[in-house]
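J.: The structure is given below, and queries will be raised subsequently.
The values are calculated or read from the model by the stated rules, or taken from the named source; none is laboratory data. Computed from a prediction, not measured in an experiment: that's the story for all the values here. Here the Cβ is made from the backbone with ideal geometry for all residues, glycine too, and neighbour counts use every protein chain on show.
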């Protein structure tokens, strides 16, 4: 019998995204490539070079702002990020569409065992303007 907690075996979409972004912080591009669906890579071949192009610079900080389940296999997660790129710091908000998939990257309902959460799409969100005193 397996006594491992469910959250370790089957993490939530937020936990999966947090692990993915932590890999970016550590510049672990190979781990990022393995966490992404193969369909986003040309020919299905995961490429560290392509991940570096998609995620340039170095992620400094991030915070998960909100998560919303959109259907049985997907969750949208809004994240605020601070990253260093081309010598300057950038602040941005991004929505990650996390999809629960089987070993063939086909969406399955979140209550099925054996699936994993992967970031299938990202969308830039507007950053609120600072308040003035």
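J.: Restricting attention to helices (runs of 4 or more DSSP H) lying wholly within the range 1-115, give those where 2 or more residues are touching a helix residue (DSSP H, G or I) at 6+ places or on another chain (Cβ under 6 Å) and surrounded by 12 or more Cβ atoms within 10 Å (Cβ to Cβ).
T.: Result: 13-25, 29-35, 48-54.
J.: Which condition number in (1) surrounded by 14 or more Cβ atoms within 10 Å (Cβ to Cβ); (2) at pLDDT below 90 is the one that residue 133 fails?
T.: Of everything listed in (1) surrounded by 14 or more Cβ atoms within 10 Å (Cβ to Cβ); (2) at pLDDT below 90, residue 133 misses just condition (1).
J.: Testing residue 89 on (1) touching a strand residue (DSSP E or B) at 6+ places or on another chain (Cβ under 7 Å); (2) closer than 17 Å to residue 120 by Cα; (3) free of Cβ contacts under 8 Å to residues at least 60 places away in the same chain, one condition comes back false. Which one is that?
T.: Of (1) touching a strand residue (DSSP E or B) at 6+ places or on another chain (Cβ under 7 Å); (2) closer than 17 Å to residue 120 by Cα; (3) free of Cβ contacts under 8 Å to residues at least 60 places away in the same chain, only one is false for residue 89: (2).
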